[in-house]
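The values are calculated or read from the model by the stated rules, or taken from the named source; none is laboratory data. Computed from a prediction, not measured in an experiment: that's the story for all the values here. Positions of Cβ are generated from backbone atoms using ideal geometry, with glycine treated the same way; all protein chains shown enter the neighbour counts. Only protein heavy atoms, including side chains, enter the accessible area calculation; ligands, DNA and RNA are left aside. Shrake-Rupley method; radii C 1.70, N 1.55, O 1.52, S 1.80 Å.
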Amino acid sequence: MKTKKDIIIGFILGIISTCIGFILYILIFSKYGIEDTIRQALQFKFLDKLVSLGALLNLVPFFLFLNKKQDNKAKGVLIATVIIGLILIINRL
């Protein structure tokens, strides 16, 4: 039962860190606000690229969990990253 809980915790942290990375990327590199950048990303169809760059932040909890020998939480972060990647690929088609 603990392994499922750890995987779910890792999955949730993977989703949250992707959202945080997405927002941080916009705040650091965009001249516009969050709303305007998302609106332009939807209009010019580069939202998937922004989400992909935000998903890079998943490396932090993934390697942190691996170093702490919390493999199931790292597995959850990896699952979240793969699901986000699959959604982006399907959306691209």
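Figures for the structure shown
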| quantity | calculated |
| --- | --- |
| Heavy-atom surface of the chain, accessible at 1.4 Å and reported per residue (Å²) | 72 |
| The chain: angle of helix 71-92 to the longest principal axis, Cα-based, in degrees nearest 10 | 30 |
| Lys pairs under 12 Å by Cα in the chain, provided they are eight or more residues apart or on distinct chains | 5 |
| Nearest-ten-degree value, helix 2-29 long axis tilted from longest Cα axis of the chain | 30 |
| Simple Cβ-charge dipole of the stretch 40-93, Lys/Arg +1 and Asp/Glu -1, about Cα centre, in debye nearest 20 | 80 |
| I87 accessible area, assembled protein chains, probe 1.4 Å, Å² | 110 |
| Cβ-based charge dipole, the stretch 11-93, positive-most Cα from L13, F65, L53 | F65 |
| Chymotrypsin sites (Phe, Trp or Tyr not before Pro) within the stretch 1-80: DSSP coil, no more than 13 neighbouring Cβ in 10 Å | Y32, F46 |
| 0 to 90° range, to nearest 10: angle between helix 34-44 axis and the chain longest Cα axis | 70 |
| Sites matching trypsin sites (Lys or Arg not before Pro) across the stretch 19-86 that sit in DSSP coil, with at most 16 neighbouring C-beta atoms within 10 Å | K31, K45, K68, K69 |
| Accessible surface of the chain, 1.4 Å probe, proportion on carbon and sulfur as whole % | 71 |
| Cα-centred dipole magnitude for the chain, charges only on beta-carbon of K, R (+1) and D, E (-1), debye, nearest 20 | 300 |
